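Okay, structure first, notes after.
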Amino acid sequence: MESFVIEGGHQLSGTIIPQGAKNEALQVVSATLLTDEPVRISNIPDILDVNNLIRLLKDIGVKVVKNSRHDYTFQADALNLDYLDSIEFVKKCSSLRGSVLLIGPLLGRFGRAIVAKPGGDKIGRRRLDTHFLGFKELGADFVHDPERNVYHITAKRLKGTYMLLDEASVTGTANIIMASVLADGVTTIYNAACEPYVQQLCHMLNGMGAGISGIGSNLLTIVGTKSLHGTRHRLLPDMIEVGSFIGMAAMVGNGVRVKDVSLRNLGVIPQSFRRLGVKIEVDGDDIFIPHQSHYEVESFIDGTIMTLADAPWPGLTPDLLSVLLVVATQARGSVLIHQKMFESRLFFVDKLIDMRAQIILCDPHRAVVVGQDHRIKLRAGRMTSPDIRAGIALLIAAMGADGVSRIENIAQIDRGYEDIEYRLNQLGAKISRVDD
């Protein structure tokens with residue numbers, strides 16, 4: 001198992017380019033199963049979760065051509081559907097959260113799929129009810145295999161219908177869209193997630209011949225078609241990585257430019273950092289974060305304490321609350337961080353408290369951060385990354401701490417961030433990867 005050793009106190013400066021979006025990649029790569037023609041996708045991040053999904057597609061029989069490091073062509077014209085029932089396939093799905101996104105396209109095109117409890121971050125319960133209820137509305141049947149603890153999902157032919165999702169689940173919406181594009185008739189999805197990555201999936205599917213309207217809203221209409229064809233698609237930059245770089249630049253930056261961020265697809269992310277007092281300058285489609293000697297947390301208009309809470313798009317993504325929390329430790333003022341969606345995601349703050357951060361963990365969902373305005377600097381420590389986003393937050397904390405820190409279980413960080421230590425070292429960080 002590998003670890004990061006971080007020498008804190010080094011300021012970052014220069015230019016960095018965000019990778020392609022991880023969450024979009026998982027969706028659009030899965031969608032290549034919907035056609036037997038080639039689909040070429042560029043700007044794919046070279047990260048663990050995406051690479052594992054691509055390997056899983058190869059195992060199913062998808063032809064995968066690697067045109068360059070971030071550019072792939074997929075062709076699903078000769079799949080081994082019997083492999084879906086194998087113990088090996090179920091085992092691989094159970095270790096990869098993104099594998100749940102294969103259900104929709106497999107069900108839509110072939111009328112069958114298998115579901116094992118998917119792996120991923122240990123951040124609390126992440127239910128799949130929205131996916132299952134949507135598939136049932138389309139006419140799918142579920143049979144539980146208690147011996148293997150998997151569900152077999154089958155449908156002779158999916159039929160379009162109206163459905164109101166019980167929650168605006170991003171992966172649930174994506175899965176139902178992918179199942180619906182080849183269904184008979186018209187499917188209407190209300191309370192659909194409308195994140196930019198769901199929009200991107202819809203645009204790619206329309207480029208393949210699907211009939212999806214309402215893109216960008218929470219009401220999608222999908223006119224089913226008999227088949228889809230190939231296309232080309234380019235991923236957006238990863239908004240979570242952009243936000244992570246803003247956090248790093250605020251904490252330990254001496255002038256950092258993040259290039260080609262697709263500003264219109266960042267939503268309230270820049271505004272959320274500005275609420276902590278972080279100065280952000282916009283230059284075309286780049287953002288520049290100047291050196292921040294001090295940054296002061298805003299209060300609400302009525303003078304009450306600032307609260308940053310996650311919410312479905314266009315609200316604040318829960319994936320950045322960990323980064324915002326770390327940035328707040330060195331702000332001037334206090335802020336309440338309210339993580340509504342996942343009940344275990346704030347438990348990593350114990351590590352920050354050990355580093356002398358002034359944080360009150362109120363319950364599994366809320367933490368009050370009392371910013372120290374650099375009066376009490378974080379001290380180095382030894383810690384373990386529990387999930388992707390906590391891992392990058394701990395890395396930011398270590399870069400701003402006095403002394404040498406060690407972060408173990410960095411495979412969690414590798415799941416979402418490409419070559420992160422190399423790219424940050426190019427800006428002036430001192431991070432080394434060591435094998436335990």
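Coordinate-derived values only; no laboratory data. Keep in mind that what you see is a predicted model, and the values were worked out from it rather than measured. Positions of Cβ are generated from backbone atoms using ideal geometry, with glycine treated the same way; all protein chains shown enter the neighbour counts.
What separates the Cα centres of region 338-382 and region 6-53 is a distance of 29 Å.
Over all other residues within a Cβ to Cβ distance under 15 Å of TYR422, the charged ones net out to -3, with Lys and Arg as +1 and Asp and Glu as -1. Of the trypsin sites (Lys or Arg not before Pro) found in region 1-82, those that fall in a DSSP loop while having at most 13 other beta-carbon atoms within 10 Å are ARG69. Placing R0 at 41 angstrom, the Cβ-Cβ distance between PHE300 and SER217 gives a FRET efficiency of 0.90 after rounding to 0.05. Pairs with C-alpha atoms separated by more than 22 Å, drawn from the list LYS22/LYS156; LYS22/LYS58; LYS377/LYS430; LYS92/LYS159; LYS63/LYS136, are LYS22/LYS156; LYS92/LYS159; LYS63/LYS136. Only Lys, Arg, Asp and Glu carry charge here, each on its Cβ (+1 for the first two, -1 for the last two); on that basis region 387-434 has a dipole of about 60 debye about its Cα centre.
Near ILE17, once Lys and Arg are set to +1 and Asp and Glu to -1 for all other residues with Cβ below 13 Å from its Cβ, the sum equals -4.
Phi angles across region 134-140 convert, under the Karplus curve 6.51 cos²θ - 1.76 cosθ + 1.60 with θ = phi - 60°, into 3J(HN,Hα) values of x, 5, 4, 4, 7, x, 7 Hz, Gly and Pro given as x. Between SER94, SER385, SER293, the Gaussian network model of the chain with springs among Cα atoms under 10 angstrom shows the greatest mean-square fluctuation at SER293.
Given +1 at the Cβ of Lys and Arg, -1 at the Cβ of Asp and Glu and no other charges, the dipole of region 22-234 around its Cα centre is 280 debye to the nearest 20.
Label-to-label distance, LYS58 versus TYR190, with points set 7 angstrom from Cα along the beta-carbon direction: 4.6 nm.
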